[in-house]
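K.L.:
One structure, as structure tokens, below. Some questions next.
The values are calculated or read from the model by the stated rules, or taken from the named source; none is laboratory data. Remember, predicted model here, so these are calculated numbers, not experimental data. Cβ coordinates were reconstructed from backbone atoms using ideal geometry, including for glycine residues, and neighbour counts include every protein chain displayed. Just the protein is used for accessible areas: all its heavy atoms, side chains included, with ligands, DNA and RNA removed. Shrake-Rupley method; radii C 1.70, N 1.55, O 1.52, S 1.80 Å.
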Amino acid sequence: MMRLGKMINYRAFGILSLSTKSHNYSTSKLNYSTISNHKTSSELGIMMEAKIAPSMLSSDFANLASEAERMLTFGADWLHMDIMDGHFVPNLTIGAPVIESLRKHTKAYLDCHLMVTNPLDYVDQFGKAGASGFTFHVEVSKDNWPELVKRIKSKGMRPGVALKPGTPVEEVFPLLEGEHPVEMVLVMTVEPGFGGQKFMPDMMNKVRTLREKYPTLDIEVDGGLGPSTIDAAATAGANCIVAGSSVFGAPEPAQVISLLRTSVNKAQKTC
Ligand code: DX5
Ligand code: ZN
């Protein structure tokens with residue numbers, strides 16, 4: 001029996017799950033490279049839990065609290081919050097004050113995706129505001145990621161790293177193998193900055209590479225995910241699914257959320 005960090009609920013052929021349903025996340029001490037570099041998830045008897053995260057970028061920002069509640073009622077696991085600084089990406093959205101306001105209305109896991117040039121500058125304020133996950137971009141963190149990850153954990157948030165479509169997947173490997181590894185990799189499947197773009201299937205090679213190398217890693221995909229693209233992402237090994245326009249634009253968002261989950265669960269049984 002392999003040994004995993006204590007926050008992991010491991011059962012033979014059960015679901016590998018971290019305590020991320022609510023925002024009270026305690027970071028776990030994981031070193032993904034020690035688990036296995038050779039066996040697939042199913043050979044290891046592991047099923048990664050599906051996390052469906054509607055992107056609140058597609059919500060009505062004027063009614064953020066009720067939109068969040070609506071998504072949770074429809075079956076969302078996480079709420080994906082897109083933070084854009086108008087510099088790293090050509091769009092400006094929300095910051096820590098909005099997270100703080102939303103936190104007063106929900107206990108949900110707030111999966112914050114920081115598309116900002118200086119993520120370190122925002123760690124303290126997002127921690128204080130009640131963010132649950134803090135995912136920064138590798139393209140702007142090459143020099144200071146160990147410090148960044150340590151700081152994120154010290155503020156009670158779960159560290160993740162994101163990569164843009166043009167960034168090779170190898171660039172995140174060091175962040176998964178150091179003393180303070182990130183706990184999720186977000187593979188962008190569109191150019192960051194805007195919702196409603198077309199899914200880039202070529203990015204699935206990155207997901208496959210990550211899943212083969214790190215069978216127990218949370219792998220998130222973001223951009224253009226919906227009923228017509230989920231199977232490609234799920235069979236490649238993604239288990240955390242961000243979906244904006246396909247969920248908010250659907251006549252019955254609950255059905256889309258359920259379909260996304262079914263696809264991930266089905267793929268996890270076989271991959
Ligand atoms: C894009 C954002 C995404 C976006 C996804 O920069 O990171 O989270 O909102 O939206 P859809 O699902 O519409 O592509
Ligand atoms: Zn995002």
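K.L.:
What spacing in nm lies between the two simple spin-label points modelled at LYS269 and SER66, each 7 Å away from Cα in the Cβ direction?
P.N.:
Using points 7 Å along Cα→Cβ, the separation is 3.9 nm.
K.L.:
I need the trypsin sites (Lys or Arg not before Pro) found in the range 77-148, filtered to DSSP loop residues with at most 12 other beta carbons within 10 Å of theirs. Could you put the intermediate results ahead of the total?
P.N.:
Values: sites: ARG103, LYS104, LYS107, LYS128, LYS142; in loops: LYS104, LYS107, LYS142.
For trypsin sites (Lys or Arg not before Pro) across the range 77-148 that sit outside H, G, I, E and B with at most 12 neighbouring Cβ atoms in 10 Å, the list reads LYS104, LYS142.
K.L.:
Continuing with this model, one more query. Over the range 146-271, average the accessible area per residue using a 1.4 Å probe and give it in Å², no decimals.
P.N.:
Per-residue value: 37 Å².
K.L.:
A further question on this structure: Between their Cα atoms, which of LYS213/LYS266; LYS153/LYS266; LYS128/LYS198; LYS107/LYS150; LYS155/LYS269; LYS150/LYS213 are more than 28 Å away from each other?
P.N.:
As for pairs spanning more than 28 Å Cα to Cα, those are LYS153/LYS266; LYS128/LYS198; LYS155/LYS269.
K.L.:
Assuming R0 = 30 Å, can you tell me the calculated FRET efficiency for the pair HIS105 and THR167, based on Cβ-Cβ distance, to the nearest 0.05? Before the final figure, lay out each step's value.
P.N.:
Details: r = 35 Å, r/R0 = 1.16.
Given R0 = 30 Å and the Cβ-Cβ separation, E is 0.30.
K.L.:
Straight-line reach from LYS142: which aspartates and glutamates fall under 13 Å, measuring Cα to Cα and dropping same-chain residues less than 8 apart?
P.N.:
Candidates past the 8-residue exclusion: GLU170, GLU171.
K.L.:
Can you give the translational diffusion coefficient of the range 180-265 in µm²/s, computed by Stokes-Einstein from the Kirkwood radius over Cα pairs at 37 °C and 0.692 mPa s?
P.N.:
It comes out at roughly 253 µm²/s.
K.L.:
Here is a follow-up. Do any trypsin sites (Lys or Arg not before Pro) in the range 168-271 lie in a loop, going by DSSP, with at most 12 other beta-carbon atoms within 10 Å of their beta carbon, and if so which? Numbers along the way, then the final one.
P.N.:
On the way: sites: LYS198, LYS206, ARG208, ARG211, LYS213, ARG261, LYS266, LYS269; in loops: LYS198.
Answer by residue number: LYS198.
K.L.:
Another question, if that's okay. Taking the Cα-to-Cβ direction at ASN144 and at GLU252 and moving 7 Å from each Cα, how far apart do the two end points lie in nm?
P.N.:
4.9 nm
K.L.:
Excluding ligands and nucleic acids, what accessible area in Å² is computed for MET71 using a 1.4 Å probe, to the nearest 10?
P.N.:
Using a 1.4 Å probe on the heavy atoms, I get roughly 0 Å².
K.L.:
Taking amide H positions as placed in the peptide plane 1.01 Å from N, state which residues far from ALA162 in sequence (5 or more) or on other chains have amide H under 5 Å from it.
P.N.:
So ALA162 has HN proximity to PHE136, HIS137, VAL138, LEU186.
K.L.:
Mind putting a number on the dipole of the range 56-136 about its Cα centre? Charges go on the C-beta only, +1 for Lys and Arg and -1 for Asp and Glu, and I need it in Debye to the nearest 20.
P.N.:
Dipole about the Cα centre, nearest 20: 220 debye.
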